[in-house]
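Peer 1: Sharing a structure, written as structure tokens. Questions coming.
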Amino acid sequence: MPKVTYLLPDGSEHEFSLSVGQSIMEGAVSNGIEQVLAQCGGSAMCATCHCYVEGGPVEALPPISDLENAMLDETEAERKDNSRLSCQVRVTEELSGLRVAIPEEI
């Protein structure tokens, strides 16, 4: 199972094994990462699952869709070059080792 590490605003790191096909957001919610609010349940309508991709196999990430790109402009935290909506990134074997930071404000 691919592993994803969540970097929280308090400096803690939490690594979880996620199922292939599960979104980064679903992995956070199912493992009790309360900082990922996921208010819309993963339909890319609220941007409350905003994260920063900090490392790992970033070259294996899928491209940002037009919808995700538009929603990233609505985030509370600063949008950066490495911003993604975690609901729009589905885990693959190639993404094992991905590191995502959860911003203090979502």
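Peer 1: Just to check your reading of the model, which residue among Val29, Val36, Val53, Val58 is over 14 Å from Ala101 (Cα atoms), at pLDDT 95 or above and not charged (D, E, K, R)? So that I can check it myself, show each step before the final result.
Peer 2: Details: Val36 fails: over 14 Å from Ala101 (Cα atoms); Val53 fails: over 14 Å from Ala101 (Cα atoms); Val58 fails: over 14 Å from Ala101 (Cα atoms).
Only one candidate qualifies: Val29.
Peer 1: Is there any pair linking a residue in the range 29-44 that is within 18 Å of Met71 (Cβ to Cβ) to one that is surrounded by fewer than 12 Cβ atoms within 10 Å (Cβ to Cβ) and modelled with pLDDT of 95 or more, with Cβ under 6 Å and at least six apart or on different chains, and which?
Peer 2: Here the result reads none, with nothing in the range 29-44 linked to a residue that is surrounded by fewer than 12 Cβ atoms within 10 Å (Cβ to Cβ) and modelled with pLDDT of 95 or more.
Peer 1: Hey, among Leu67, Leu18, which residue is over 12 Å from the mean Cα position of the chain (by Cα) and without any contact (Cβ under 8 Å) to a residue 24 or more places away in the chain? Lay out the reasoning, then the answer.
Peer 2: Numbers: Leu18 fails: without any contact (Cβ under 8 Å) to a residue 24 or more places away in the chain.
Checking each option against the conditions leaves just Leu67.
Peer 1: If you don't mind, another one. Give, as residue ranges, the strands (runs of 3 or more DSSP E) completely inside the range 1-100 that count at least 1 residues that are of a type in the set (A, V, I, L, M) and surrounded by 13 or more Cβ atoms within 10 Å (Cβ to Cβ).
Peer 2: Working: elements: 3-7, 13-17, 50-55, 83-85.
Because the criterion is at least 1 residues that are of a type in the set (A, V, I, L, M) and surrounded by 13 or more Cβ atoms within 10 Å (Cβ to Cβ), the strands (runs of 3 or more DSSP E) in the range 1-100 that meet it are 3-7, 50-55, 83-85.
Peer 1: Related question: Could you list all residues from the range 78-106 that are hydrophobic (A, V, I, L, M, F, W, C) and touching a Ser or Thr at 6+ places or on another chain (Cβ under 8 Å)? Spell out how you get there, then give the answer.
Peer 2: If we filter the range 78-106 for residues that are hydrophobic (A, V, I, L, M, F, W, C), which is where we start, we get 85, 87, 89, 91, 95, 98, 100-102, 106.
Those that are hydrophobic (A, V, I, L, M, F, W, C) and touching a Ser or Thr at 6+ places or on another chain (Cβ under 8 Å): Cys87, Val89, Val91, Leu98, Val100, Ile106.
Peer 1: Name every residue in the range 61-106 that is over 21 Å from Ser30 (Cβ atoms), at pLDDT 95 or above and among the β-branched types (Val, Ile, Thr), in order of residue number.
Peer 2: Residue satisfying the conditions is Ile64 alone.
The values are calculated or read from the model by the stated rules, or taken from the named source; none is laboratory data. On a predicted model such as this, the values are computed, not experimentally measured, just so you know. Reconstructed Cβ throughout: ideal geometry from the backbone, glycine too, with neighbour counts over all protein chains shown.
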